[in-house]
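Comments concern the structure below.
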């Protein structure tokens, strides 16, 4: 039975919620990010016959955490379901309305469950997070928010997969003009944590299409500028 990795682009920002199930439909799964469209996530879980055993958050913006509470509380194992988010962004998960500016009215208007999950755990850089028999390595990449995190997963026989949240996109990077954002921090995170990765690492971002570290290293204007400034150059061969 093959692994299932499915991205669901949801809500007004087409935010990717990633379902990851090591044994495909009918087994346990992990969810990475939950936009404020929980009904779509719950429907997909039911369609695949999946049991959610952990929820990982790349950061605290409402388009990524607004559906967390409702998704968690809809599970039979809600009181035992671990939710992981970096401590620097925890306040956004606890109060998605108060920390999301004008977007908060959408959550209230839609009548979403906003009661925080029972089990919320912090994330440290390099920390291993397990769920459904899989292990994800949390990589702290501040810049989009103070608590932005990417999750690296090794897939047996398939190489590495990086769930990059709003840190790295196909052809772009996360915005840094919101509270807690910093272009300098984001680029420092990129140089220290992402650029050293192998070209073959697949990148599954919080918005937009799947890409790879190699593709972005050679075509992403922000990464090209970063490498030029640091005196490094793209290496190896790249094919799309």
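The values are calculated or read from the model by the stated rules, or taken from the named source; none is laboratory data. Owing to the predicted nature of the structure, the values given are computational and were not obtained by experimental measurement. All Cβ positions, glycine included, derive from the backbone under ideal geometry; neighbour counts span all protein chains shown.
When both residues are 6+ apart or on different chains and their Cβ atoms are under 7 Å apart, which pairs have a first residue that lies in the stretch 43-57 and is at positive phi, and a second that is surrounded by fewer than 19 Cβ atoms within 10 Å (Cβ to Cβ)?
49/25; 49/26
Of the residues that sit in the stretch 28-42 and are buried (at least 24 other Cβ atoms within 10 Å of the Cβ) and part of a strand (DSSP E or B), which one is nearest to the chain's Cα centre (by Cα)?
Among them, the one singled out is 32.
Of the residues 94, 112, 123, 107, only one is in contact with a helix residue (DSSP H, G or I) (Cβ under 9 Å, 6 or more places away or on another chain) and more than 18 Å from residue 15 (Cα to Cα); which?
Just a single option satisfies the conditions, and that option is 123.
Out of the stretch 12-27, which residues are crowded, with 17+ Cβ neighbours inside 10 Å and in contact with a helix residue (DSSP H, G or I) (Cβ under 6 Å, 6 or more places away or on another chain)?
13, 15, 17
How many residues does the stretch 88-121 hold that are at negative phi and either touching a strand residue (DSSP E or B) at 6+ places or on another chain (Cβ under 8 Å) or assigned to a helix (DSSP H, G or I) (or both)?
Counting residues in the stretch 88-121 that are at negative phi and either touching a strand residue (DSSP E or B) at 6+ places or on another chain (Cβ under 8 Å) or assigned to a helix (DSSP H, G or I) (or both) gives 19.
Does residue 99 meet the test of being closer than 19 Å to residue 174 by Cβ and modelled with pLDDT of 95 or more?
In short, no.
Take the residues in the stretch 185-220 that are assigned to a loop (DSSP other than H, G, I, E, B) and in contact with a strand residue (DSSP E or B) (Cβ under 6 Å, 6 or more places away or on another chain); name whichever of them is surrounded by the fewest Cβ atoms within 10 Å (Cβ to Cβ).
The initial filter retains those residues of the stretch 185-220 that are assigned to a loop (DSSP other than H, G, I, E, B), namely 195-201, 206, 208-210, 220.
Within this subset, residues satisfying the condition of being in contact with a strand residue (DSSP E or B) (Cβ under 6 Å, 6 or more places away or on another chain) are 200-201, 206, 208, 210.
On the way: 200: 12, 201: 18, 206: 31, 208: 14, 210: 14.
In this case the residue turns out to be 200.
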